[in-house]
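These notes concern the structure reproduced below.
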C-alpha cells in the first residue's frame, strides 16, 4: 500500500476510483457512463500521483492487482490457487465463494463469502505461524515478516492513512495485515463493514467477526472493536 498509484478509497464519492470499481465489478448499478469492460481493463487505466515507496495509503485496487499477479505467476485461477494452497490444506469445513466480474475475473479485494469457523481458521493459521493439523501451510518467515514489518513501516503508516486515533506507536500495515501492536503481537485482517480477524499473541486468542456496519469504514466502531478484543483476551488470559 505504498505505491504511487492514484486511487481514492472514498466511499460515496461519485467519481472516486473505488466507486468506479464497484460499477466495473457489478457491486453497484451501472450509471451509463463510459467505463472499462472488466477488472483487468480497469488496471490499465490507473496512473500514478506520487512516487512508489511513499506514505501508506490503503487502496483496494492494489490487492486486486496482486491477485492478478498471482494468477499469472502460478498459471492458476485465483480461486483454484487459494483452494489448493490455503483452503484445503488448512482444513476448511466448507467451500467459500468469491465475487467475479462480468468476464469471470476474481475480485481478491473483497466479496469473499466464508463461514465464521473457516474465517477463524485463517486467524489460527496466523497465530500458529502458518501451521495447521496437516502441517505447514504458510511459511513461518512470511508471518514473522508481517509482524516485524519494514524498517520504515511505522513511519510511513503514521505519515499516511494510518495516522489516525486508535493506532499506537509502532503500528504498521504489512502483507495485507494491520499490525496494531507488533510487540505483543496483536494484528488483524479487516474488510469493509466490520469484517475482521484478530490475532492476540499473548493470550493465544483469535477473534473472527462478521458484521454489517452502516458505513464501510467507521473509526469509532473500529476502536470499539479493538477494545472489545483486548477485553476478551484479558479475560481469557486470567
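Read-outs: derived from the displayed coordinates by stated rules, not from any lab. Values in this document were obtained by computation on a predicted structure and should not be read as measured data. A quick note on method: Cβ atoms are made from the backbone with ideal geometry, for glycine too, and the neighbour counts reach across all protein chains shown.
Below is a table of values for the structure above.
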{"read-out": "Highest-first arrangement of 122-135, 36-49, where packing means the average Cβ count within 10 Å", "value": "122-135, 36-49"}
{"read-out": "FRET efficiency for residue 27 and residue 145, using Cβ-Cβ distance with R0 set to 30 Å, rounded to 0.05", "value": "0.40"}
{"read-out": "Normalised contact order of region 116-238, rounded percent, pairs of Cα under 8 Å and 6 or more residues apart", "value": "20"}
{"read-out": "Protection proxy ranking, peptides 149-162, 181-194, 7-20, average beta carbon neighbours within 10 Å, highest first", "value": "181-194, 149-162, 7-20"}
{"read-out": "Relative contact order of region 76-151, defined on C-alpha pairs under 8 angstrom at six or more residues apart (%)", "value": "27"}
{"read-out": "Per-selection metrics, region 31-77 (Cα): Rg and Dmax in Å", "value": "13.2, 36"}
{"read-out": "Inter-label distance for residue 45 and residue 6, nm, one decimal - labels placed 7 Å from Cα along Cα-to-Cβ", "value": "1.3"}
{"read-out": "Global geometry of region 85-153, whether rounded, prolate or oblate, following the gyration tensor of its Cα atoms and the 1.5 cut on a/c", "value": "oblate"}
{"read-out": "Region 1-114: mean projected area of Cα convex hull, nm²", "value": "8.1"}
{"read-out": "Full-extension gain in nm, residue 35 to residue 219, via 0.36 nm per residue minus C-alpha separation", "value": "63.1 nm"}
{"read-out": "Translational D in µm²/s for region 47-120 (Stokes-Einstein at 20 °C, 1.002 mPa s, Kirkwood Rh from C-alpha pairs)", "value": "153"}
{"read-out": "Square roots of five times the Cα gyration tensor eigenvalues for region 116-238, Å", "value": "21, 19, 14"}
